[in-house]
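One structure below.
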Amino acid sequence: MAIALEILSPEKLLLARDVDMVVIPGTEGDIGVLPGHSKLVTSLRGGLVDIYENGAVAERFYVSGGFAEVTESRVAVLADEIVRQSEINAAKAAEALTAAKDAFAAVSLDDAEAYREASDTLIAAQALVDSVPPHAIDKI
Amino acid sequence: MPSLKTLRNRINSVKSTQKITSAMKMVAAAKLRRAQAQAEAARPYACRMGEMLAALAASEFGNPNASPLLVGRPNAKTHLLVAVTADRGLAGAFNANIAKAVRAQLAALEAQGKTVKIFALGRKGNDALKRDLADKISGTKNFVGKKVISFQDAEDVAKELIRGFKAGEYDAVSLVFNRFQNVMTQKPTEQALIPAAAPSANDNATEHNYEVEPDDGTLLERLLPRNLAVQLYSALLDNAAGFYASQMTAMDSATRNAGEMIKKLTLNYNRARQANITKELIEIISGAEAV
């Protein structure tokens, strides 16, 4: 039993193949999707998409946010920005986190929308830094 | 009768023009291939996004608090037309067609008693429209010097449009752009951006049976601006591909016309040359006879 996974960014279709299980970072918490999952639409927070094959993680992608549509036989991840975990640039990630922190500190509490956006960006940047693959950290 | 020298000069100048147009055709063809590939690559995302939005929008039917981005404002008065054109010319009627479509749309909307504003996306459209409609152009943006349009560019424009909408500068937004059908045809098309396809009672019958996280309203609030950016992005990509296709066709016919012109001029040149020789011969013969 396999589930058809599609990972799409606005620019292109990044990946389309059958996998055993995929874990996506929903805004309300991580969601593990197996074949036969009930129909679901969710927004995503910044985090890792884990692709499981033969009982182990086969590939990991970082998404900065977006949406996912799940049906019994298919998962479509519509990502805002997406990078393979092995291709994350640690220095750039740290930079993005600092920028997001500054932006979050500067945003006014009265503007609910700007506040939400800044906090989403901060969460995504933090997740990006956390997702830096271990071997890349040694290089800094 | 033009002299031989002027004819020769004209032939040479048409020849160099032909060289330029044929080079431009080659360049346009190469860029067209890239632009077309980019447009095709972006299609799956736009397609999925559309499906998801349609499913969610159906559930908002009859909800009085539905997002105005989705259902629009009651008695919309001001209408914004986003004219998408290329930044460069020499592409036949490509940009002029958009200007024409915008003018027609403007007349139709004004006949309904609406105020119309124009956002010129692309340099040529701005140039063409500002001549007589300068007071209606509320904003303009172009991508001069950019090789490829990135999604970020489209998102920036989308943000600007949403900001204006929320500030009440306009109540409805539609897009006028050249839809890329194939290399020969680019069709000026109008597409509504805000409101994004109001849900109808018909949709409601087949209400979606998705579980939604966090909830319909919150999700739509994130999805709608995103959808706007995606629509703009695909329009911009269509515009880019259409522009190169149109430029290629225009340059192809320019090259062919130059070829015809060279043929005609060469014929004239040879006739004049022959006439000159004949004249000289007659002069020599009659000179010899006189002696």
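Can you confirm whether residue B:110 is within 16 Å of residue B:236 (Cβ to Cβ), part of a helix (DSSP H, G or I) and acidic (Asp, Glu)?
no
Do we have any residue at all in the stretch A:5-25 that's surrounded by fewer than 17 Cβ atoms within 10 Å (Cβ to Cβ), of a type outside the set (S, T, N, Q) and away from chain B (no Cβ under 13 Å)?
Looking for residues that are surrounded by fewer than 17 Cβ atoms within 10 Å (Cβ to Cβ), of a type outside the set (S, T, N, Q) and away from chain B (no Cβ under 13 Å), one finds at least one in the stretch A:5-25, hence yes.
Identify all residues within the stretch B:136-168 that are out of contact with any Phe, Trp or Tyr (no Cβ under 9 Å at 6 or more places or on another chain) and under 20 Å from residue B:107 (Cα atoms); write none if there are none.
Within the stretch B:136-168, just B:136 meets the criteria.
Can you say whether residue B:95 is among the polar types (S, T, N, Q) and either surrounded by 15 or more Cβ atoms within 10 Å (Cβ to Cβ) or under 26 Å from residue B:141 (Cα atoms) (or both), as far as the supplied structure shows?
yes
For the stretch A:101-112, enumerate the residues that are surrounded by fewer than 10 Cβ atoms within 10 Å (Cβ to Cβ) and in a helix (DSSP H, G or I).
Hits for the stretch A:101-112 are A:105, A:106, A:112.
The rows are residues; the columns are (1) within 12 Å of another protein chain (Cβ to nearest Cβ); (2) in contact with a Ser or Thr (Cβ under 8 Å, 6 or more places away or on another chain).
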position: A:42; (1), (2): yes, yes
position: A:56; (1), (2): no, no
position: A:68; (1), (2): yes, yes
position: A:76; (1), (2): yes, no
position: A:86; (1), (2): no, no
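How many residues, within the stretch A:29-54, are part of a loop (DSSP other than H, G, I, E, B) and under 13 Å from the mean Cα position of the chain (by Cα)?
2
Pick from B:171, B:132: which is at pLDDT below 90 and over 11 Å from the mean Cα position of the chain (by Cα)?
The conditions single out B:132.
Test residue B:262 against the stated conditions and say whether it is surrounded by fewer than 17 Cβ atoms within 10 Å (Cβ to Cβ), part of a helix (DSSP H, G or I) and β-branched (Val, Ile, Thr).
No, not satisfied.
Given the conditions (1) aliphatic (A, V, I, L, M); (2) buried (at least 23 other Cβ atoms within 10 Å of the Cβ); (3) within 11 Å of another protein chain (Cβ to nearest Cβ); (4) under 23 Å from residue A:45 (Cα atoms), report the number of the one that residue B:219 does not fulfil.
Exception for residue B:219: condition (2).
Give the residues of the stretch B:61-77 that are buried (at least 18 other Cβ atoms within 10 Å of the Cβ) and not in a loop (DSSP other than H, G, I, E, B), sorted by residue number.
Answer for the stretch B:61-77, where residues must be buried (at least 18 other Cβ atoms within 10 Å of the Cβ) and not in a loop (DSSP other than H, G, I, E, B): B:69, B:70, B:71.
Looking at the stretch A:55-65, which of the residues that are within 8 Å of the chain's Cα centre (by Cα) and part of a strand (DSSP E or B) is surrounded by the most Cβ atoms within 10 Å (Cβ to Cβ)?
Selected residue: A:63.
Out of curiosity, is residue B:58 in contact with a Pro (Cβ under 8 Å, 6 or more places away or on another chain), in contact (Cβ under 8 Å) with a residue 60 or more places away in the chain, crowded, with 17+ Cβ neighbours inside 10 Å and within 14 Å of chain A (Cβ to nearest Cβ)?
In short, yes.
Within the stretch B:235-249, which residues are surrounded by fewer than 24 Cβ atoms within 10 Å (Cβ to Cβ) and among the polar types (S, T, N, Q)?
Within the stretch B:235-249, just B:249 meets the criteria.
Among the numbered criteria (1) closer than 21 Å to residue A:6 by Cα; (2) at pLDDT below 85; (3) not basic (Lys, Arg), which single criterion is violated by residue A:140?
Evaluating residue A:140 over (1) closer than 21 Å to residue A:6 by Cα; (2) at pLDDT below 85; (3) not basic (Lys, Arg) leaves (1) as the failure.
Using the structure shown, decide if residue B:147 is farther than 30 Å from residue B:219 by Cα and at pLDDT 90 or above.
Criteria not met by residue B:147.
The values are calculated or read from the model by the stated rules, or taken from the named source; none is laboratory data. Note that the structure is a prediction, hence the values are computed from the model and not measured. Note that we place each Cβ from the backbone using ideal geometry, even for glycine, and neighbour counts take in every protein chain shown.
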